[in-house]
Amino acid sequence: METLIELINALNQHYPDNIRVVVKVQQPTTKITQFYEGIRSGEITSDKEAINKLFNDPDANQMYRNLKSELHNRIYNTLFFINPKEFKVSHESNRFIIQCYKKWMAARIANSTGAKKASVKLSRQVLKDAQKAGISPLIAEIAMFLRLYYGVILGDRKQCEYYNKLYHHHSEIMLWENKTQEYYTMLSLFYSEGKAELNTIHKDATLYYQEIEDALYKYKTYRLIFFGGFIKLVMYMSKSDYRNAIDVCNEVLSLLNTNALFPTLAKATFYMEQMICCIQLKLFEEGEQLAKEAMKFLKPGFFNWFKYRELFFLLSMHTQKYQRAYEVVQETKNTKGFNALDKKSREIWTIYEMYTNYLIMQDRITAEKGRSIKIRLGKFLNEVPAYAKEKRRLNIPILIIQILFYVQQKNYELAINRTGALEKYCSRHLRKKNDFRSNCFIKMLMELSKSGFHPIAAARKADKFFQKLKVHPLEVSNQSYSIEIVPYEQLWEIVIGSLDGKGMTGR
């Protein structure tokens, strides 16, 4: 069901009239029409719901599987009817590349039906376009096809040798592109798994980049620039060298600008990487300008646009632009397409909203006129269970904000219990070196209960850990920027300021 929902949402977003191709609109009562419309409207979100709505028979599993398979096939066929000009892409270059692949598939189909001359004519047209965009895998595949045609069917040695040379040249490029993509993937796995030490990542990235550097500057294809650029970026990001990381992004962006047909999403990606550097370095104005540049290549409501909004929110929080952060949350959650995000992406925004709500209660943010803040902690606990199950690192900001709300509400017993849960979680899942700052802040929170939640006593007892945070600021630590939704130094001052001076004895 998940793939069907994804396909229908994507198809409806790009081509809203697709129902005329997927189903027969003059037959609105057919089960396949009801199935399609049920998913598109959000009435059907699971196999169980689909069976109940369409068959009202729990034993109709086989009929349902057949219907589901038929709908899948119709949607896949519909994709080929879409005119690339109607795709809602962020830039013309993305549409151009889609068109290239669509025409190449048409040429292959024409060849298989016996229309060889038409197939060759179209293949040569597509080859010219692919060369303009530097799509080496497509160039090599078409060259191989044309080499066979001119060598075996026509016996034209000159043309055969031309396409043979073209094939081998781009096969060589593909070897380097594939190697670079492999190395990029291996480095990405380190971050996805969250297990490797940053020194290990830095060492591997350095070795990888040394191997592919010459090929990158020799061929300068899109895939080499993109994947090779990321490998070089990781070399510096893994050492918290954000100044040089920004320079790497500028170099990659310059290379991407050499061809107007390179996919523009890559440019947005490297602008967003620069935004991460600005978050670490607390450079709000520079980060805001980069956000504007990224927006030129991102379309509101699409997945990468929401990732950019996450970065802009964190940039605002880290530079104490709390009001702007609040506005980002409200605007993002009201954007068309938000509810179509996957559950985990929506959960992140739930967490962000809880932090802005906390700051509203501390008078650091002014809420919209007429908007009441109702903190329902039980609802929050129910809305973000995925990270606890999967041991995601966002457990840390989740547990922290829960503790802060309990303290705000003077529910000190629950605050103490949550602090214990946080300490236990971190002892199991955090590494001392990479998570030094989080470990310090957790110990500071523990001092709240030890001091009876008295502000002066808590500040005094936690000062040694506060000083350690100052000695190890976020920009030189190995900790991920996303864990500290509000930098711990700022958050601690807010927490201490929220205590009333009476502590537990004054309740």
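The values are calculated or read from the model by the stated rules, or taken from the named source; none is laboratory data. The shown structure was predicted, so the numbers you read here are calculated from the model rather than taken from an experiment. As a convention, Cβ positions derive from the backbone with ideal geometry for all residues, glycine included, and neighbour counts pool all protein chains shown.
Listed by position, the helices (runs of 4 or more DSSP H) enclosed by region 353-422 that each have at least 3 residues that are β-branched (Val, Ile, Thr) and either under 27 Å from Asp342 (Cα atoms) or modelled with pLDDT of 85 or more (or both) are 395-408.
Return the residues of region 50-65 that are in a helix (DSSP H, G or I) and loosely packed, with under 11 Cβ neighbours inside 10 Å; say none if nothing qualifies. The one that is in a helix (DSSP H, G or I) and loosely packed, with under 11 Cβ neighbours inside 10 Å: Gln62. Exactly one residue among Tyr208, Tyr236, Tyr242, Tyr219 is of a type in the set (Phe, Trp, Tyr) and within 15 Å of Met174 (Cα to Cα), and that residue is Tyr219. Does Ser449 satisfy the criteria of being modelled with pLDDT under 90, more than 23 Å from Thr356 (Cα to Cα) and assigned to a helix (DSSP H, G or I)? So Ser449 fits the description; yes.
Of the residues in region 313-325, at least one is crowded, with 17+ Cβ neighbours inside 10 Å and under 15 Å from the mean Cα position of the chain (by Cα).
For region 141-171, which positions are surrounded by fewer than 13 Cβ atoms within 10 Å (Cβ to Cβ) and small (Gly, Ala, Ser)? Listed by number, the list holds a single entry, Gly155.
Yes/no per residue for (1) outside the structural domain of Asp156 (by TED's automatic domain parsing); (2) crowded, with 16+ Cβ neighbours inside 10 Å; (3) modelled with pLDDT of 85 or more:
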position	(1), (2), (3)
Lys48	yes, no, yes
Ala106	no, yes, yes
Ile109	no, no, yes
Ser119	no, yes, yes
Val126	no, yes, yes
Ile139	no, yes, yes
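All conditions in (1) farther than 18 Å from Leu189 by Cβ; (2) without any contact (Cβ under 8 Å) to a residue 40 or more places away in the chain; (3) surrounded by fewer than 21 Cβ atoms within 10 Å (Cβ to Cβ) hold for Lys239, with the sole exception of (2).
Cβ-Cβ contacts under 8 Å between residues 6 or more apart (or on different chains), taken from a first residue in region 175-192 that is over 14 Å from Gly228 (Cβ atoms) and assigned by TED's automatic domain parsing to the domain that holds Ser238 to a second residue that is small (Gly, Ala, Ser) and surrounded by fewer than 18 Cβ atoms within 10 Å (Cβ to Cβ), are listed as Phe190/Ala196.
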